[in-house]
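First up is the structure itself, then whatever we jot down about it.
A short reminder: the numbers here are calculations on the coordinates, not readings from a lab. Only a predicted model underlies this, so the values are computations on that prediction, with no experimental measurement involved. Because the Cβ atoms are built from the backbone with ideal geometry, glycine has one as well, and the counts that use them run over all protein chains shown.
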Amino acid sequence: MARYTGPSCKLCRREGVKLYLKGERCTSDKCAFNRRKKTEGKSEVVAAPGQHGAARKKLTEYGMQLREKQKAKRYYGVLEKQFKSYYTKADNQEGIAGENLLRLLERRLDNVVFRMGLAASHKEARQLVLHGHFTLNGHKANIPSILVKVGDVVAVKDTESTKIKGLVEAMSDKVAPKWLEVDTNAGVAKVIAMPERDDIDFAINEQLIIELYSK
């Protein structure tokens with residue numbers, strides 16, 4: 001199964017924004033993104049990785065669209081081929097293509113685990129799903145890209161596991177989106193609605209992504 005295996009912090013620096021790929025480390029003093037910040041004028045900037053990363057570059061229209069797509073891909077942990085298939089599916093659905101795209105990404109099983117508060121990052125959520133720690137409607141589910149629908153129930157498979165027990169206990173500190181009905185004691189979440197644009201708290205300009213693929 002294809003996945004990115006390089007340094008996570010470089011991805012944040014390349015996009016110029018925190019993608020929270022390392023969970024709690026991203027909010028600590030150890031965060032490479034924070035340590036590499038420098039002040040230019042009245043704003044703080046972070047140099048992109050590489051020999052010429054510190055050079056000031058003015059993005060073209062295409063450059064802005066590309067960076068927005070890359071940011072969304074990296075935030076959700078999806079590679080290009082799969083991301084483009086999501087776009088194609090979103091474009092063929094009724095409604096606004098950009099919102100359809102984000103709704104599909106939010107419905108991924110690994111994202112549901114992340115939104116439940118059982119993982120500090122999408123990467124950790126993906127790993128937990130791959131290792132078979134969850135069930136979907138009572139059946140084992142170990143494919144991160146499974147799309148949930150209204151009425152589906154995602155549950156922790158073994159709440160007695162030391163690792164999982166710790167994650168379930170930490171769920172009480174997380175606020176789940178309104179499209180999920182979460183039982184923090186049992187480690188269970190029920191999908192009660194489709195995710196809406198307002199439910200996504202990460203800054204993504206989905207229209208730029210649609211413009212890029214529409215060319």
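Brief remarks on what is shown
- In Hz, Karplus ³J(HN,Hα) per residue of region 149-160 (6.51, -1.76, 1.60; θ = phi - 60°; x = Gly, Pro): 9, 4, x, 5, 10, 9, 9, 5, 6, 9, 6, 8
- For Lys84, a cut-off of 17 angstrom between C-alpha atoms picks up these aspartates and glutamates, skipping any fewer than 8 places away in its own chain: Glu68, Glu99, Glu106, Glu206, Glu211.
- The distance separating the Cα centre of region 73-123 from that of region 144-190 comes to 18 Å.
- With 5 Å bins from 0: P(r) over region 108-193, alpha-carbon pairs, percent: 3, 17, 31, 30, 16, 3, 0
- Charge tally in the Cβ shell below 10 Å around Leu109, where Lys, Arg are +1 and Asp, Glu are -1, Leu109 excluded: +1
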